[in-house]
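Enquirer: Pasting a structure here, questions to come.
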Amino acid sequence: MNEFKVIRNAHIYAPEDAGIQDVLICNDKMIDIRPNLVFSYDHEEIDASGKYLIPGFIDQHVHIIGGGGENGFSSLIREIQMTDCIQYGVTTVIGLLGTDAHVKSIEQLVAKTKALREQGMSAYCLTGSYAIPTTTLTGSIGKDIAFIDEIIGVKVAISDHRSSAPLKQELARMATECRTAGLLANKPGVVHMHTGKGKDGYKKILEIVEETDIPITQFRPTHVANQYEDALAFASKGGYIDFTADEKTPSLLKKTLEIVPLKQITLSSDANGSFPIWDENLNIIGMGVGKMETLYASIRSLILEEHVDISTAISIITKNVADALLLKQKGSIEKGKDADIVLLDTDLNVTDVFALGKQVVKEKAIVAKNYYQY
Ligand SMILES: [Zn+2]
């Protein structure tokens, strides 16, 4: 049986300002958006007067089975739960491995991605981890992308003492394999690159783009604050750059918005990944953990403290990510798209969240449950 909901009188940022309208949801889709919507079938009414209605957030760098391990086995980080995501408005995640490939596998990662989907979220993942040779599910990066529904690209680390010091040729070959498999499967086939603070910067990637025919959009550097000048050079050639949310992010995003076209800028949380602290000789002296709440918190302060307009700010974690990852059903409030919706109060706090049409957060209370929750 079809389930209908009407969310009324919210001020919609789609991300563009669409004014006050009503949204009609049928099952997992938005099927009509208009002012004073009349609907006579049996449905649930949700009054969102005085609230903002924006797309659910897409977090493209999440250690869904937990990352870490740089400070012994006890420093491995726990898995994420669906409720850890939805309570901060994140309705779509891209899971990945990190430095933890010795103890965690692509099988575990794909299984967790399937689990999050079963629970009502949207989830995808990347094959690979930090190293080349790449850890995969089928034995080949291309086959993983072509045949495993959940896998949309590969992860690799560059410019980092924890990377496998990949050669230029290896990175170029990885990108072509991802590209052809992605074309076959209608997926982005991205090479998502952890970029550390290493001496090498983006040198190899910029050279590959210069010397080969591989489009720059095949390479997706993240943690770009680690190599900010190189990231700007990369963006000036049309590349996407992904920031990692922390307390410095709002001011850095504000500055970047003045230099780089908006559609090339995205933000992710690195939730449940490790933030190791190193001394000058790269000995570990401390360990932090990435948190998903930083994603929207950074965007909220971009609006409230850096005075960036709502539409621009939310694009960074909604439309831009959906467009960059070819997630055609995601990223905007539009008729026919998935009903992933966040409601905000006048202070821009998340009050309600809908994931694929189901209300999972109601008046700031989580109403969805994880499988094991006592
Ligand atoms: Zn990470």
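Enquirer: Tabulate in residue order the Karplus-calculated ³J(HN,Hα) for segment 167-177, using 6.51 cos²θ - 1.76 cosθ + 1.60 with θ = phi - 60°, rounded to whole Hz; enter x for Gly and Pro.
Expert: The phi angles translate into 7, 4, 4, 5, 5, 5, 5, 4, 5, 5, 5 Hz.
Enquirer: With the chain treated as a Gaussian network of Cα nodes joined by springs under 10 Å, which of 221, 133, 15 yields the largest mean-square fluctuation?
Expert: 133
Enquirer: Which order results if 352, 59, 246 are arranged by neighbouring Cβ count within 10 Å, fewest first? Each step should come with its number before you reach the end.
Expert: Numbers: 352 24, 59 28, 246 19.
By the 10 Å Cβ count, ascending, the order reads 246, 352, 59.
Enquirer: Check residue 287: other-chain or 5+ apart residues with amide H under 5 Å from its amide H, H built from backbone geometry?
Expert: 277
Enquirer: For segment 249-365, just the Cα atoms, rotate onto the principal axes and tell me the three extents in Å, largest first.
Expert: 54, 36, 31
Enquirer: So what are the ³J(HN,Hα) numbers for segment 360-367, from phi and the Karplus equation (6.51, -1.76, 1.60; θ = phi - 60°), rounded to whole Hz, Gly and Pro as x?
Expert: 10, 10, 10, 6, 6, 9, 6, 10
Enquirer: For segment 169-218, calculate the relative contact order in percent as a whole number, restricting contacts to Cα pairs under 8 Å that are 6 or more residues apart. It would help to have the intermediate numbers written out before the result.
Expert: On the way: 32 pairs, mean separation 18.8, N = 50.
Value for segment 169-218: 38 percent.
Enquirer: What residue among 139, 128, 239 shows peak mean-square fluctuation when the chain is described by a Gaussian network model with Cα springs under 10 Å?
Expert: Its mean-square fluctuation being the largest, the pick is 139.
Enquirer: Would segment 222-313 count as rounded, prolate or oblate if I go by the C-alpha gyration tensor, calling it rounded below 1.5 in a/c and otherwise prolate when a/b exceeds b/c, oblate otherwise? Don't skip to the end; give the middle numbers.
Expert: Details: a/c = 2.26, a/b = 1.38, b/c = 1.64.
Note, shape of segment 222-313 comes out oblate.
Enquirer: Then there is this: Going from the alpha-carbon gyration tensor of the chain, what semi-axes, largest first and in whole Å, does one get by taking the root of 5 times each eigenvalue? Walk me through the numbers before you get to the answer.
Expert: Numbers: eigenvalues 233, 94, 83 Å².
The answer is 34, 22, 20 Å, longest axis first.
Enquirer: Give the residue list of chymotrypsin sites (Phe, Trp or Tyr not before Pro) in segment 5-114 that are DSSP loop and have at most 10 other beta-carbon atoms within 10 angstrom. Before the final figure, lay out the partial values.
Expert: On the way: sites: 13, 39, 41, 52, 57, 73, 88; in loops: 39, 41, 88.
When the chymotrypsin sites (Phe, Trp or Tyr not before Pro) of segment 5-114 are filtered for loop state and at most 10 Cβ neighbours within 10 Å, 41 remain.
Enquirer: Of the candidates 236, 298, 122, which one comes out as most mobile in a Gaussian network treatment of the chain with C-alpha springs shorter than 10 Å?
Expert: Highest fluctuation of the listed residues: 236.
Enquirer: OK, next. Answer rounded, prolate or oblate for segment 30-117, using the Cα gyration tensor with square roots of eigenvalues a ≥ b ≥ c: rounded when a/c is under 1.5, else prolate when a/b is larger than b/c, else oblate.
Expert: Working: a/c = 3.83, a/b = 2.90, b/c = 1.32.
Judged from the Cα gyration tensor, segment 30-117 comes out prolate (a/c at least 1.5, a/b above b/c).
Enquirer: Taking 4 °C and 1.567 mPa s as the conditions, I'd like the Stokes-Einstein D for segment 121-226 in µm²/s, using the Kirkwood hydrodynamic radius from alpha carbon pairs. It would help to have the intermediate numbers written out before the result.
Expert: Details: Rh = 13.7 Å.
Taking Rh from Cα pairs, D becomes 95 µm²/s.
Enquirer: Then there is this: Cα centroid distance between segment 325-374 and segment 175-216, in Å?
Expert: Between the Cα centre of segment 325-374 and that of segment 175-216, the gap is 32 Å.
Enquirer: Considering Cα pairs under 8 angstrom that are at least six residues apart, work out the relative contact order of segment 159-287 and quote it in whole percent.
Expert: Numbers: 165 pairs, mean separation 22.6, N = 129.
Taking the mean separation of contacting Cα pairs over the length of segment 159-287, I get 17 percent.
Enquirer: Looking at segment 264-310, which GluC sites (Glu not before Pro) are in a loop (DSSP not H, G, I, E or B) and have at most 14 other Cβ atoms within 10 Å? Intermediate results must be reported in sequence, preceding the final value.
Expert: Numbers: sites: 280, 293, 305, 306; in loops: 280, 305, 306.
Loop-located and lightly packed - 280, 305.
Enquirer: So, one more: Could you work out the helix-only [θ] at 222 nm for the chain, with each DSSP H run of four or more residues adding -39,500 (n - 2.57) and the total divided by the number of residues, to the nearest 500 deg cm²/dmol? Please list the in-between numbers first.
Expert: On the way: 10 runs with 94 residues, N = 374.
That comes out to -7000 deg cm²/dmol.
Enquirer: Any number yet on Rg/Rh for segment 318-364, C-alpha, Kirkwood? It would help to have the intermediate numbers written out before the result.
Expert: Numbers: Rg = 11.7 Å, Rh = 11.4 Å.
When Rh is taken as the Kirkwood radius, the ratio is 1.02.
Enquirer: How big is the antiparallel share of DSSP beta bridges in segment 203-349, given as a percent to the nearest 5?
Expert: Numbers: 5 of 9 bridges.
Antiparallel bridges: around 55 percent, rounded to the nearest 5.
Enquirer: Ok, one more. Can you tell me the length gained on complete extension of the stretch residue 363 to residue 278, counting 0.36 nm per residue apart and subtracting the Cα distance? Could you put the intermediate results ahead of the total?
Expert: On the way: separation 85, 0.36 × 85 = 30.60 nm, distance 4.13 nm.
Full-extension gain reported as 26.5 nm.
Enquirer: Over segment 227-374, what is the relative contact order in percent, taking alpha-carbon pairs closer than 8 angstrom and at least six residues apart? Mind dumping the intermediate values first?
Expert: Numbers: 195 pairs, mean separation 21.4, N = 148.
Relative contact order, segment 227-374: 14 percent.
Where a number appears in this text, it was derived from the coordinates with a stated rule and is not lab data. Computed from a predicted model, the values in this text were never measured in an experiment. Glycine also receives a Cβ, built like all others from the backbone with ideal geometry; neighbour counts cover every protein chain displayed.
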